[in-house]
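Working notes, beginning with the structure itself.
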């Protein structure tokens, strides 16, 4: 996904498009913006963003009255850029050759207009850029960080990333598509980290390998075929899309004993997406990246956005602007990462403890061990975002009659589900994109299975559609390439015409 973003990442200091992942021609600033604009912006609840470098030193950037400042532990030369993100025009570029300094941008900033500030530095012949988030100038002339629409949403979601000893141990375990205990994966990890002593050095070596040696698969993103993106296959093939890069990075880190996890959400690549307040709870994730635990805190990385090479079906190509090692999405704090990412969920092993309603007469409870217990009656539909559990248990005294539309959508950790005998309907999209789901027991008595009910359950191995089923929706088992599917003879037409068919269909 996001093929154009990955392929179009422009390197180096003068590229304004690097920040947004798109390439666009500069345009004149709108005369409607400025001191007479009626637009007003809300300030973020932070005034400083703390970055850590690959060697463990810190670079802090912040706002203080009319000043934008940078304070570094070790780096002593920086280039600052002030630009209009909407029209991608730069108004200021300034170089400072010192560790700590401040700059007054206010004379170059119109009121009630969003700007971006990029801080760029060079370390051992590698170029790093730090995103400042958007900034704006208020009526008094003071500078503030902009309250990014996805920031509050993402802050709540990353509470899944715990740092107690039990949770950190879970972030070292193998998972589906993250085969950190595979001998080949361990060998790959050892080769990459040979001679390195600190976890931070190892993480940088792994990230550098993924972003500089692998290629983004522009063919896959436009193909109907379901590609496998497990970490071991990605290491061998060297070509993947975002989830594959995240799986490989996470597995390589875990093989070194470094807690890491894959995350899912939205990659926001346009100005309109980044400033829109329409953050919908039910948006389907379209992007994946990783988080890693270093020196007592979780930090975020997006290998796809830093990728160098891309594959278009006839060889590996290199981004034309990428003439040196350049990193813009390595070890980002949440305040800056949410500038272009909306974090929907982390692929955690443990459950995020919560409870609530999942129907008119039904409730759910997710426990710490990753079990979702459902009880009550009638149709159930889990709220969006309640997907961080690996096991579903239906209370034996319940009378659940229907699995509602998109009830278990994106429950990536589920491997098997035993539906109770009281269920008679499975609505459309009920299990769509449950990518680890291998088996579902559908009881006799189910009369309806809706459209795309098991869409893109690419690990699904066996399903028996019961004789009681009278209506099988279009594409109910579309993009399930490993599935052995058994259907009554009267429903055989319902499983014809799939773009990606099950591995084998038994008509009985």
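A quick yes/no check of all residues on (1) buried (at least 16 other Cβ atoms within 10 Å of the Cβ); (2) in contact with a strand residue (DSSP E or B) (Cβ under 8 Å, 6 or more places away or on another chain); (3) over 30 Å from residue 254 (Cβ atoms):
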| residue | (1), (2), (3) |
| --- | --- |
| 117 | yes, yes, yes |
| 135 | yes, yes, yes |
| 138 | no, yes, yes |
| 145 | yes, yes, yes |
| 155 | no, no, no |
| 161 | yes, yes, no |
| 169 | no, no, no |
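Looking only at the range 283-299, decide whether some residue is at pLDDT below 85, over 19 Å from residue 210 (Cβ atoms), crowded, with 18+ Cβ neighbours inside 10 Å and touching a strand residue (DSSP E or B) at 6+ places or on another chain (Cβ under 8 Å). Taking every residue of the range 283-299 in turn, at least one turns out to be at pLDDT below 85, over 19 Å from residue 210 (Cβ atoms), crowded, with 18+ Cβ neighbours inside 10 Å and touching a strand residue (DSSP E or B) at 6+ places or on another chain (Cβ under 8 Å). What do you reckon, is residue 334 within 30 Å of residue 301 (Cβ to Cβ) and modelled with pLDDT of 85 or more? Taking the combined requirement at face value, the residue satisfies it.
Listed here are the residues, each with its yes/no results for (1) surrounded by fewer than 18 Cβ atoms within 10 Å (Cβ to Cβ); (2) free of Cβ contacts under 8 Å to residues at least 60 places away in the same chain.
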position: 369; (1), (2): yes, yes
position: 374; (1), (2): no, yes
position: 378; (1), (2): yes, yes
position: 393; (1), (2): yes, yes
position: 400; (1), (2): no, yes
position: 408; (1), (2): no, yes
position: 412; (1), (2): no, no
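Against the numbered list (1) over 21 Å from residue 431 (Cα atoms); (2) in the same structural domain as residue 451 (by TED's automatic domain parsing), residue 399 comes up short only at (1). For residue 455, state whether it is over 15 Å from residue 492 (Cα atoms), free of Cβ contacts under 8 Å to residues at least 40 places away in the same chain and in contact with a strand residue (DSSP E or B) (Cβ under 6 Å, 6 or more places away or on another chain). In short, no.
The set of residues in the range 171-191 that are buried (at least 19 other Cβ atoms within 10 Å of the Cβ) and touching a helix residue (DSSP H, G or I) at 6+ places or on another chain (Cβ under 6 Å) comprises 177, 178, 179, 180, 185, 188, 189. Whether a residue is in contact (Cβ under 8 Å) with a residue 60 or more places away in the chain and under 20 Å from residue 436 (Cβ atoms) was assessed, and residue 249 does not pass this test. No other residue among 233, 196 is within 26 Å of residue 437 (Cα to Cα), in contact with a helix residue (DSSP H, G or I) (Cβ under 9 Å, 6 or more places away or on another chain) and not assigned by TED's automatic domain parsing to the domain that holds residue 53 apart from 233.
Is it fair to say residue 189 is over 20 Å from the mean Cα position of the chain (by Cα), at pLDDT 90 or above and part of a loop (DSSP other than H, G, I, E, B)? Against the criterion (over 20 Å from the mean Cα position of the chain (by Cα), at pLDDT 90 or above and part of a loop (DSSP other than H, G, I, E, B)), residue 189 does not qualify. List every residue pair whose Cβ atoms sit under 7 Å apart, with the two residues 6 or more apart in sequence or on different chains, where the first one lies in the range 65-83 and is at positive phi and surrounded by 15 or more Cβ atoms within 10 Å (Cβ to Cβ) and the second, anywhere, is assigned to a loop (DSSP other than H, G, I, E, B) and modelled with pLDDT of 95 or more. Taking only residues 6 or more apart or on different chains, not a single pair turns up. Which residues, counting only those in the range 219-243, are modelled with pLDDT of 90 or more and under 26 Å from residue 153 (Cβ atoms)? Correct list: 241, 242, 243.
The values are calculated or read from the model by the stated rules, or taken from the named source; none is laboratory data. Here the structure is a predicted model, which is why all the values come from computation and not from measurement. Quick reminder, even Gly has a Cβ in these numbers, built from the backbone with ideal geometry, and neighbours come from all protein chains shown.
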